[in-house]
Amino acid sequence: MPNSVSWDERKRLPRWYERERWSYEVDRQLVEEAAHWLEQVEWKLIGTFTFAGWKVSDEKADKTSINFINELERTVKSDVAYVRGDEKSPASGSKPACGRHFHFVLTSVAPLDPALVARLWTEQAGDNSDDPTAKVEAYKPGAKGIEYLLKSIQKPDGGWAVRKLELFHPEARGLQDMTPRFRRRLRRHKARQKQFGSVKVSTGGEAGE
């Protein structure tokens, strides 16, 4: 998608927010505007997720991420939406190489406990004795966490992914075709909202960079 497409025009495109619909030459202004748009979601957690052992293929990293979210949904018995920023960088001068890792913002109508999320990640990705592979904390609106998450999407080894945004973001929902399947998903989502409406959300932990 060329950068000449304006922000308002971009938002009218079906499922524009999916990574493959973005140019790799995303500029800073678009990152800021995307972050502002994504702030409409009531995100619950933000975290940094790495892997035990430095070398992990992109394919394995992505599969681990998918398995982690699936297990989280099974555990909390509710849909989990996320935006995921993907990062990896080669060695440059005195700066050492940085292996594939992810930054997530997560939300659900169910409570999301940072300690639970960290444990489920380490069960999939392993852990390091000296540096935990999952650092998770409560999301703080206005702290520019989403901008940080998206900071590498224009780089060759960067990227981003979203999941189930249409259940939690009003504009994303409006872009979705109201098929019978999607209507069923909305009904289940609203039923879970009612189920978890009186449950208090747990917070805690710290997220690193």
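Couple of notes before you dig in:
- Extended-chain gain in nm, criterion 0.36 nm per residue less alpha-carbon gap, K77 and E42: 10.7 nm
- Extension gain, K55 back to R187 (0.36 nm per residue minus Cα-Cα distance, nm): 43.3 nm
- Each residue in Y148, Y139 was given a count of other beta-carbon atoms within 10 angstrom of its own, and listing them fewest first yields Y148, Y139.
- Nonlocal amide H pairs with K44, under 5 Å, H built at 1.01 Å: L106, T107, S108
- By the count of neighbouring beta-carbon atoms within 10 Å, fewest first, F104, F196, F168 end up ordered F196, F168, F104.
Bear in mind that the values in this text are calculations on the coordinates, not laboratory data. All figures in this text were calculated on a predicted structure; none of them were measured in a lab. Reconstructed Cβ throughout: ideal geometry from the backbone, glycine too, with neighbour counts over all protein chains shown.
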